[in-house]
Amino acid sequence: MVRGGYGGDGCVSFRREKYVPFGGPDGGDGGVGGDVVVMASPNMVDLGLMRRKKEFVARNGRGGSGWRKRGKKGEDLAISVPIGTMVFTKADAGEEIPLADLSAPGQKVLVAKGGRGGLGNARFATAENQAPEIASKGASGEERDIVLEVKLITDICIVGHPNSGKSTLLSAISRAKPEIADYPFTTRQPILGVLPDDRRDFIVAEIPGLVDGAHLGKGLGNEFLRHAERTKLLLYLLDGSSPTVLDDLSTLEKEIDLYKDLAHKPKIVAVNKLDLPEVRARLPEVKQRLAPILSGLGVPVFYISAASGQAVLELVRKAMEMADQASQDEGIISQTQIKVFRPKPRK
Ligand SMILES: Nc1nc2c(ncn2[C@@H]2O[C@H](COP(=O)(O)OP(=O)(O)OP(=O)(O)O)[C@@H](O)[C@H]2O)c(=O)[nH]1
Ligand SMILES: [Mg+2]
């Protein structure tokens, strides 16, 4: 529930000054209540706090005072959410109406307007009543239920089996410091990292590991793939030390294909842990079997070590180039889309 602050009350006051015998009414208006806005922030990865907190109320406007002084406006309440948060309002019948898709840093949408301030008695003076003792009360702020859904907007989304080294790669290429450990499902939430470049920053995400049958709920399931829906490029990270590298790739492909709308995304493949001698020993064989499959699909493949940094730069360069190409292709479509809808004020 979000609610704007109450407007401050209007004030009843009369001028009392030396040498001005009948000073007249000078009560000021109340200040407007604060608004509640939802704002996209690059520092947010999930709705964190919002899971527990259910009510967001902006500050009330202050009452008016003498000398026709208007009360102070109530402070706005800004709710920070990740970039890629969709905001819906709940209609009375319960259906969800889209309000905004916050897709750029700092983009915001008003979700509950603060109440109007009451009028001070100065406003009520008429020829008949020159000394009104009335003022009006501040109005209550708008109140409504909103629903937030996050679908991260990223340039590159790293997907792969648990333990393949996704977090290691993310920390090698960005300033993100995800937890790294040699057990599966260390990462249980998507993690964002910023990959700085001369032209612009690239947003890279790691999502929790996928296993065979994720679409059936195995492992952590596949619902994190919704965060890949709006990425420009999928980066498949394979564990080179896995005895079943090729099967791992088909598992990933299958899970991606089974999830709505991901099959068509541009892809890049990286085989990781090349610093391990046993991985290097098997490399010729792996290369020989992977190359024909991937080149047929036009998917580039890199053999890297996220831990030592070997070939990571080359991978990243290619990934950025592909993500850029994808945004150019998409740009033509997205410019024609209207992203922010105006909420209808509600009494
Ligand atoms: N030798 C070697 N080990 C690596 C490399 N990259 C990752 N590892 C190790 O592999 C294990 C898993 O690494 P993570 O980065 O946590 O893997 P992840 O894919 O994020 O794993 P989950 O979050 O559990 O899905 C850790 O013990 C890492 O140290 C690499 O390039 N070489
Ligand atoms: Mg991880």
Taking the range 136-154 and keeping only residues that are closer than 14 Å to Thr231 by Cβ, away from ligand 2 (no atom under 16 Å from the Cβ) and in contact with a Ser or Thr (Cβ under 7 Å, 6 or more places away or on another chain), one is left with Val150, Ile153
Exclusive hit being touching a helix residue (DSSP H, G or I) at 6+ places or on another chain (Cβ under 8 Å) and within 16 Å of ligand 2 (Cβ to nearest atom), set Thr186, Thr168: Thr186
Given Val211, Val150, which one is aliphatic (A, V, I, L, M) and more than 19 Å from the chain's Cα centre (by Cα)? Val211
Of the conditions (1) within 16 Å of ligand 2 (Cβ to nearest atom); (2) surrounded by fewer than 24 Cβ atoms within 10 Å (Cβ to Cβ); (3) modelled with pLDDT of 90 or more; (4) not basic (Lys, Arg), the single one that Ala176 does not satisfy is (3)
Might you let me know whether the range 238-252 holds any residue that is surrounded by 19 or more Cβ atoms within 10 Å (Cβ to Cβ) and among the acidic types (Asp, Glu)? yes
Working carefully through the options Ala112, Ala104, find the one that is in contact (Cβ under 8 Å) with a residue 12 or more places away in the chain and crowded, with 16+ Cβ neighbours inside 10 Å. Ala112
Answer yes or no: is there a residue in the range 237-259 that is within 16 Å of ligand 2 (Cβ to nearest atom) and aromatic (Phe, Trp, Tyr). no
Members of the range 228-281 that are within 30 Å of the chain's Cα centre (by Cα) and at positive phi: Asp261
I'd like to check something: does the range 201-222 contain any residue that is in a loop (DSSP other than H, G, I, E, B), within 13 Å of ligand 1 (Cβ to nearest atom), over 20 Å from Ala270 (Cβ atoms) and of a type in the set (A, V, I, L, M, F, W, C)? yes
Number of the exception - Thr231 against (1) surrounded by 13 or more Cβ atoms within 10 Å (Cβ to Cβ); (2) among the hydroxyl-bearing types (Ser, Thr, Tyr); (3) within 13 Å of ligand 1 (Cβ to nearest atom): (3)
Filter the range 197-222 for residues that are of a type outside the set (A, V, I, L, M), touching a Phe, Trp or Tyr at 6+ places or on another chain (Cβ under 9 Å) and within 12 Å of ligand 2 (Cβ to nearest atom) and give the result. Pro208, Gly209
Please verify whether Val194 is in contact with a His (Cβ under 7 Å, 6 or more places away or on another chain) and either at pLDDT below 90 or within 10 Å of ligand 2 (Cβ to nearest atom) (or both), treating the condition exactly as stated. no
Do you know which residues across the range 85-100 are of a type outside the set (A, V, I, L, M) and surrounded by fewer than 23 Cβ atoms within 10 Å (Cβ to Cβ)? Phe88, Thr89, Lys90, Asp92, Gly94, Glu95, Glu96, Pro98
One residue is enough: does the range 99-109 have a residue meeting the conditions within 16 Å of ligand 2 (Cβ to nearest atom) and under 19 Å from Asp201 (Cβ atoms)? no
What pairs come out if I take residues in the range 123-139 that are assigned to a loop (DSSP other than H, G, I, E, B) and pair them with residues that are among the polar types (S, T, N, Q) and surrounded by 18 or more Cβ atoms within 10 Å (Cβ to Cβ) whose C-beta lies under 7 Å away, six or more apart or interchain? Pro132/Asn121; Glu133/Asn121; Ile134/Asn121; Ala135/Asn121
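The values are calculated or read from the model by the stated rules, or taken from the named source; none is laboratory data. Since the structure is predicted, the reported quantities are computational estimates derived from the model, not experimental observations. Positions of Cβ are backbone-derived with ideal geometry, glycine not excepted, and every protein chain shown enters the neighbour counts.
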